[in-house]
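A.B. asks: Mind looking over this structure? Questions follow.
The values are calculated or read from the model by the stated rules, or taken from the named source; none is laboratory data. Worth saying up front: this structure is predicted, and the values here are computed from it rather than measured. All Cβ positions, glycine included, derive from the backbone under ideal geometry; neighbour counts span all protein chains shown. Heavy atoms of the whole protein, side chains included, go into the accessibility calculation; ligands, DNA and RNA do not. Shrake-Rupley method; radii C 1.70, N 1.55, O 1.52, S 1.80 Å.
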Amino acid sequence: MNIPRRALLLGALLLAAGCAQVSKVASGQVTVGGRIVVDADKDWNQFEQTLSDGTPTWTKEGIAVDELKFYAGLKDGTLIAPTPSEPKGQAPLAFKAGMQAADVVALFERRYSRGGSTFTLEKVMPVTFVGGSGYRFEFSSIRKVDDLRLRGVGWFAVRNGELWAITYTAPRLAFFPAGIAEAESIARSARIKS
């Protein structure tokens, strides 16, 4: 598999700068963010801190390559990504309890198109997620920092005014097809911790 040099360089810079702490996520039942439980068939790596945000993020190939992000019960007003570099006048990426499905998808569109990256929504469909009605959306993106073409999928539901979501992104040609089945399995197993 050929990884673009800029993606490898970005990952190496993150690690070298000490901006990322990595821990192993063993296969089995895993609680993520203290509030969502998933079943992982294989081991993953979890990044405890990244330059982008504090969202629990798992990866197989490295943070600049593939990302499985968990948004575990975000309350009204919680940011899905930090805003320090937002252009003046642009609204922060905050979840609002009254958001409809289209609003949540638009929130993730803004998250993945930040900094000049592109986002193309391909499909939205109802699914069962975290034990009830939810949605699954598919998208493609070109990441501006390295011109990497990504494919992505997200699952979400709003329960009692809180957002529960998982997103998976990876380079579209090799890594996405190799990892999507495992990401789908994790999303299907997701449940709210009781």
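A.B. asks: Just one of 111, 188 is modelled with pLDDT under 95, of a type outside the set (S, T, N, Q) and either open to solvent by 60 Å² or more (accessible area, probe 1.4 Å) or under 17 Å from the mean Cα position of the chain (by Cα) (or both); which is it?
C.D. replies: 111
A.B. asks: Given the criteria more than 23 Å from residue 46 (Cα to Cα) and either open to solvent by 60 Å² or more (accessible area, probe 1.4 Å) or of a type outside the set (Lys, Arg) (or both), does residue 126 qualify?
C.D. replies: yes
A.B. asks: Checking residue 180 against (1) out of contact with any strand residue (DSSP E or B) (no Cβ under 8 Å at 6 or more places or on another chain); (2) assigned to a helix (DSSP H, G or I); (3) among the β-branched types (Val, Ile, Thr): exactly one of these is not met. Which one?
C.D. replies: (1)
A.B. asks: Hey, can you tell me all the residues within segment 80-108 that are open to solvent by 50 Å² or more (accessible area, probe 1.4 Å) and at pLDDT below 95?
C.D. replies: If the condition is that a residue be open to solvent by 50 Å² or more (accessible area, probe 1.4 Å) and at pLDDT below 95, then 84, 85, 87, 88, 89, 90, 91, 92, 98 are the ones that fit.
A.B. asks: Follow-up question, since we're still on this one. Within segment 9-22, does at least one residue satisfy the condition of being at pLDDT 80 or above, open to solvent by 20 Å² or more (accessible area, probe 1.4 Å) and closer than 24 Å to residue 186 by Cα?
C.D. replies: yes
A.B. asks: Turning to a different aspect of this structure: Out of all the residues in segment 29-49, which are open to solvent by 30 Å² or more (accessible area, probe 1.4 Å) and either assigned to a loop (DSSP other than H, G, I, E, B) or modelled with pLDDT under 95 (or both)?
C.D. replies: 33, 34, 35, 41, 42, 43, 45, 46, 48, 49, listed by residue number.
A.B. asks: To continue, here is another question. Looking at 159, 172, which one is over 30 Å from residue 98 (Cβ atoms) and in contact (Cβ under 8 Å) with a residue 24 or more places away in the chain?
C.D. replies: Just one listed residue meets the conditions, 172.
A.B. asks: Mind listing just one residue for me: the one in segment 142-160 that is within 15 Å of residue 107 (Cβ to Cβ) and touching a strand residue (DSSP E or B) at 6+ places or on another chain (Cβ under 6 Å) and, of those, surrounded by the fewest Cβ atoms within 10 Å (Cβ to Cβ)? First the steps, then the outcome.
C.D. replies: First pass over segment 142-160, keeping only residues within 15 Å of residue 107 (Cβ to Cβ): 152, 154-158.
Going one step further and asking which of them are touching a strand residue (DSSP E or B) at 6+ places or on another chain (Cβ under 6 Å), we end up with 152, 154-157.
On the way: 152: 25, 154: 24, 155: 23, 156: 25, 157: 21.
Filtering first and then ranking leaves 157.
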